[in-house]
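Accompanying notes for the structure given below.
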Amino acid sequence: MSARPRVFATRNIPSPGMDLLKSECDVTIWPHGRIISHEELTENVAGVDGILCHYINTIDEQVLDAAGPNLKVVATFAVGYDLIDVEACHKRNVQVGHTPNVLSDSVAELAVALLLASSRRLKEGMADITNGQADGKWESGLYLSGPETKGSTVGIIGLGRIGLAVAKRLKGFDVARFLYYDIAEVPLAVEVSAEFASFERLLSESDFVLACCSSNSDNYGLFDKEAFKKMKNSAVFVNVTRGILVNQDDLYEALTTGQIFAAGLDATTPEPISKNHPLVKLDNCIILPHIGSSTTTTRNNMSILTAKNILAGLKGEALIQCVKKKA
Ligand code: GLV
């Protein structure tokens, strides 16, 4: 019988991390090329020492019970761990690892890309070229015009690592001012001269509203009808964190009634969103399949960090990046 620890992975990760993991463990990777269901997850983790999951997998009491007493570590290939029952893990002395820092820059890049793509109407422009319909549309002089970042007010919800990285990048676009809303004032806000504001003030004064916060049961549906009503009609909304922050029916209404100008989403409910979803059909809504951290460098670095977290956890050592126990 193998003395090597057993790890179950809900998906593959890039080879720098997977090779490292396989050098010390027997790794079983969910082989079916689709998201594993919760039931399938519980069936596959029996007796494992470690679980390598992704942000989309729910790790709850049921999964932990199914894994049993060998389990020492759960590590997600993500910074967000909203679907992991951290308290239940800690109760069982199972450490929880994640991948902060290494992905902040790539997610911030994508947030800026979405802001520009949705304000400058790239989806419509590309469609006009693809469909051969651009000819003649220039006549008004305002063809595919949209709001400009120069001189604008940018509102960032959640001035953590990603929010700060977004502001640092947008500074180069000559934004006039940054507002931010968070659970408390953030000392690092001085680095980007961002002003702390209430949620309501941020919504009503910002030309661009970017959701960069983590999700928890307190902010589910934060962006609802009332929130969109407070935004400017010219506002562009960007979400690079979790779909659950947004009431998508209310967003659809805001985008189709001219309540807001456009939206760029890297996170939706569910993921991936169906091609038949009404939001997907809108010209003024750009939706991506949750690729915020997807640069080759970042994904490779995330894979190494995830592997190191698991290897440390299996040895009973402190993880490189662990989700801390509640005091
Ligand atoms: C992705 O959304 C992550 O949490 O890393």
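The values are calculated or read from the model by the stated rules, or taken from the named source; none is laboratory data. All figures in this text were calculated on a predicted structure; none of them were measured in a lab. Glycine also receives a Cβ, built like all others from the backbone with ideal geometry; neighbour counts cover every protein chain displayed. Heads up: the accessible areas ignore ligands, DNA and RNA and are worked out on the full protein's heavy atoms, side chains in. Shrake-Rupley method; radii C 1.70, N 1.55, O 1.52, S 1.80 Å.
Quick rundown of the values:
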item: Selection count, the range 149-175, where residues are open to solvent by less than 70 Å² (accessible area, probe 1.4 Å), in a loop (DSSP other than H, G, I, E, B) and farther than 20 Å from Leu245 by Cα; result: 5
item: Pair list, Cβ < 6 Å and 6+ apart or interchain, from the range 68-90 residues that are within 17 Å of Leu21 (Cβ to Cβ) to residues that are among the small types (Gly, Ala, Ser) and within 14 Å of the ligand (Cβ to nearest atom); result: Ala75/Gly97
item: Breaking point among (1) in a strand (DSSP E or B); (2) farther than 14 Å from Ala312 by Cα; (3) within 16 Å of the ligand (Cβ to nearest atom), for Tyr81; result: (1)
item: Residue that is most open to solvent (accessible area, probe 1.4 Å) [pool: residues in the range 216-262 that are within 16 Å of the ligand (Cβ to nearest atom) and within 25 Å of Thr149 (Cα to Cα)]; result: Arg242
item: Residues of the range 183-210 that turn out to be outside any strand (DSSP E or B) and open to solvent by 40 Å² or more (accessible area, probe 1.4 Å), as a count; result: 13
item: Given (1) in a helix (DSSP H, G or I); (2) out of contact with any helix residue (DSSP H, G or I) (no Cβ under 8 Å at 6 or more places or on another chain), index of the condition Ser214 fails; result: (1)
item: Ala46 vs. criteria hydrophobic (A, V, I, L, M, F, W, C) and open to solvent by 30 Å² or more (accessible area, probe 1.4 Å); result: yes
item: Residues satisfying the stated conditions in the range 245-303, i.e. closer than 26 Å to Phe199 by Cα and among the polar types (S, T, N, Q); result: Asn247, Gln248, Thr256, Thr257, Gln259, Thr268, Thr269, Asn284
item: Residue match in the range 263-278 (condition: away from the ligand (no atom under 14 Å from the Cβ) and surrounded by 22 or more Cβ atoms within 10 Å (Cβ to Cβ)); result: yes
item: Residues of the range 54-77 satisfying the condition of being within 16 Å of the ligand (Cβ to nearest atom) and either outside any loop (DSSP other than H, G, I, E, B) or crowded, with 23+ Cβ neighbours inside 10 Å (or both); result: Asn57, Ile59, Val74, Ala75, Thr76, Phe77
item: Residue within the range 300-315 that is open to solvent by 20 Å² or more (accessible area, probe 1.4 Å), farther than 29 Å from Asn247 by Cα and free of Cβ contacts under 8 Å to residues at least 24 places away in the same chain present; result: yes
item: Residue among Ile29, Ile51 that is open to solvent by less than 20 Å² (accessible area, probe 1.4 Å), closer than 23 Å to His290 by Cβ and out of contact with any His (no Cβ under 8 Å at 6 or more places or on another chain); result: Ile51
item: Test: Glu148 is more than 16 Å from the ligand (Cβ to nearest atom), over 24 Å from the mean Cα position of the chain (by Cα) and of a type in the set (Asp, Glu); result: yes
